[in-house]
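The values are calculated or read from the model by the stated rules, or taken from the named source; none is laboratory data. Worth saying up front: this structure is predicted, and the values here are computed from it rather than measured. Cβ coordinates were reconstructed from backbone atoms using ideal geometry, including for glycine residues, and neighbour counts include every protein chain displayed. These area figures cover heavy atoms from the full protein model, side chains too; ligands, DNA and RNA do not enter into them. Shrake-Rupley method; radii C 1.70, N 1.55, O 1.52, S 1.80 Å.
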Amino acid sequence: MKHIISVLVENEFGVLSRVVGLFSGRGFNIESLSVAPTLDPTISRITIATSGDDQILEQITKQLNKLIDTIKIIDFTGQDFVEREMSLIKVTAEDNTRAEVLRIVDIFRGKIVDVTPRSFTIEVTGSPTKIDAIIELLRPMGIKELVRSGPVVLGRGPKGWKGA
Amino acid sequence: MKKTGSQILLECLTLEGVDTIFGYPGGTVINIYDDLMDSPIKHILTRHEQAAVHAADGYARATGKVGVALATSGPGATNTITGIATAYMDSIPLVIITGQVPTALIGNDAFQEADVIGITRPVTKHNYLVKDVKDLARILKQAFYIARTGRPGPVLVDLPKDVQMATAEFSYPDTVELRGYKPTFSGNARQVEKAAKMILAARKPVIYVGGGVVLSNSSDELKQFAELVQAPVTTTLMAMSSFPKKHPLSLGMLGMHGTYYANMAVTNSDLLIAVGARFDDRVTGKIATFAPHAKIIHIDIDPTSIKKNVRVDLPIVGDLKDVLQTLVKKLGERQELIAAMVDETTGWRKEIDNWKEQHPMSYTASKTIIKPQYVIEKIRELTNDDAIITTEVGQHQMWTAQFFDFSQPRTFLSSGGLGTMGYGLPAALGAQAAFPERQVIDVSGDGSFQMNSQELATLVQYRLPVKIVILNNNFLGMVRQWQQLFFHKRYSQTCMELPIDFVKLAEAYGATGLRATTPDEVENVIRKGLETPGPVIMEFKVAREENVLPMVPAGAGLNEMVLAS
């Protein structure tokens, strides 16, 4: 089953490898990972998407909690949350396809952030399934290069984790 | 006043109450060793860094204090890994200081460089690379705090040479501020209340005790609890010394080489109260048939131990001492209910006594050949209750656990989780350094002994009178036993074909060597060995193909024991 976990950690060297070590040590692949400081610059927020056996993931979550540098863990499994991912897509855009690419970008409320006579670079944001969808539509045009940020998530509702 | 990093390190150790450290010098710790000459701390020079960590571990297990080991960078540090992993698996509080190449060279494949932080990450509770001498005092304070609190464990501090030489104003912090580390101390009151109710309702209770009871110094509380509810107590290898084996409620050890009656009691119980244990696979056997009729209460300071291997009906996270005290208090307020429960469980205790009578711990004695179990029994007879026994890993370890009646906590030091051969001799060295007046005995096999036999030199140099018992069967006996039982006696690489003259080996190091080859020589050799000052090797030529029994074969249930060959 797919899980998204947010881990708030001390913003120090070596912490990320402790966190990912708990996954790799059990042969778990991390599907995506995003890390950046929070409002409090001494704290970093790591968002991890992974999938696997629920019981082992519960064990990993407990182990994450046990790390000295871990301040808080939020497992979004079974919770209501907002999920957004950003992607930059460099797509072939020559005379015969330029208009079609623009139409697709428009439908997905994307932006063109770089233009050449033979290509567009598109910025698009949304749920991972939305990103999947635009990639499928652009694939026939010829995708030259692509980068996805991996999802970042926040729980829905007024409650927030203070300081982050 | 400004001090150098190496001076700050030694000051901090002194302020933490460290009197003895174990180590081995080298290029990146030479500054520390120089300052050591002006420090009140006693340093014991082992002959291998692995042994230095095991010695610190033995010191820690015997005293309850944090053990400290010191090693140089690169190979010195990598040699400590087995020692650190051993301590990590058994939750032993250690602080390991390793030298590191100067910060400017880190990552350059410098001479004697290794990524020690990376290598030790999975086998330490926490580790630190110190990059600025100004952080050193705070980091050491945290290292000791983390090592000894919560579920204890080893913490490594990697100290680059330039940080040791740099100077800073020294002040040792009074407190530790770690927002991500706040171990739960008191058990949740409602959970403890629920536990009390479950215990009062139990008709076939068993208390299953792990190493946590030793680590948290809760043996007295455990005894109070067990006696109050008159529930039988079985211990793991790690908890061996936490509950007197001669106590009428004692079931001895459970698991793969546990007693018949302990395993039967667990299998038939209706309430299993796990106290500071972690349901290791050597304890549970096949999970599906482990305590199938029992509700399980699990008390542990480490939430990750709970529900890791088995389902748990009632978890209580907290310090065992605190939880057991609260539990005893809550139960003690209900004398009538307790009396009724004790009365109702009389039949259960009788059932257990029947199992004890049917299959007591036993072995076939011999008049012509030395049985290893006989040696263990004789040592018990000829030593005091406060003798500290260490073991290596293998058959001799299990026989010691089975046939030695431990009665005081911290008198049995053995590598339970990692199962490290070569642990016992250096651990005995560490325990003897902590208690120069007590009897310290390493029970060993001929295989394990040779994994750290170089430490004989350390024993002789520091006049540490450890007595070493070698049960010599010229085999790697435990693996041989498995080959006999499960691989049609194909003894692949388990025969130690070269017979070692352990008496001469002892003499070569300046120790005393004694040997018994027949049963009637055993008692004399032990008496003479224990009386002889200084380190002594007592070698016993034992029955070569004796097996450790009873045995639960790997993957079988606890009720499927092999009782006799």
### Message
Any residue at all in segment B:214-232 that's closer than 20 Å to B:Gln335 by Cα, touching a residue at least 12 places away in the same chain (Cβ under 8 Å), open to solvent by 50 Å² or more (accessible area, probe 1.4 Å) and touching a helix residue (DSSP H, G or I) at 6+ places or on another chain (Cβ under 8 Å)?
### Response
yes
### Message
Just checking: which of the helices (runs of 4 or more DSSP H) contained wholly in segment B:1-69 hold 2 or more residues that are buried (at least 24 other Cβ atoms within 10 Å of the Cβ) and within 20 Å of the chain's Cα centre (by Cα)?
### Response
B:49-63
### Message
Just the residues that are over 17 Å from the mean Cα position of the chain (by Cα), surrounded by 15 or more Cβ atoms within 10 Å (Cβ to Cβ) and within 14 Å of another protein chain (Cβ to nearest Cβ), please, taken from segment A:24-44.
### Response
A:Ile43
### Query
Does B:Tyr128 meet the test of being open to solvent by 10 Å² or more (accessible area, probe 1.4 Å), under 27 Å from B:Gly76 (Cα atoms) and aromatic (Phe, Trp, Tyr)?
yes
### Query
Residues in segment A:45-59: is at least one open to solvent by less than 20 Å² (accessible area, probe 1.4 Å), under 16 Å from A:Leu154 (Cα atoms) and within 14 Å of chain B (Cβ to nearest Cβ)?
yes
### Task
Filter segment A:60-74 down to residues that are within 7 Å of chain B (Cβ to nearest Cβ) and without any contact (Cβ under 8 Å) to a residue 24 or more places away in the chain and give me whichever is most open to solvent (accessible area, probe 1.4 Å).
A:Lys66
### Query
Mind checking which pairs have a first residue in segment B:545-559 that is assigned to a loop (DSSP other than H, G, I, E, B) and a second that is aromatic (Phe, Trp, Tyr), Cβ under 6 Å, 6 or more apart or different chains?
B:Pro550/B:Tyr260
#### Entry: Subset of segment B:236-283 that is closer than 19 Å to B:Met89 by Cβ and among the basic types (Lys, Arg) - its residue that is surrounded by the most Cβ atoms within 10 Å (Cβ to Cβ)
B:Arg278
### Message
Here is a list: B:Val133, B:Val123. Which entry is surrounded by 23 or more Cβ atoms within 10 Å (Cβ to Cβ) and either under 12 Å from B:Leu94 (Cβ atoms) or touching a residue at least 40 places away in the same chain (Cβ under 8 Å) (or both)?
### Response
B:Val133
### Query
Out of all the residues in segment B:293-302, is one or more at pLDDT below 95, within 14 Å of chain A (Cβ to nearest Cβ) and open to solvent by 20 Å² or more (accessible area, probe 1.4 Å)?
no
### Task
Check segment B:71-79 and report whether any residue there is farther than 26 Å from B:Ala387 by Cα, surrounded by fewer than 24 Cβ atoms within 10 Å (Cβ to Cβ), among the hydroxyl-bearing types (Ser, Thr, Tyr) and away from every other protein chain (no Cβ under 14 Å).
yes
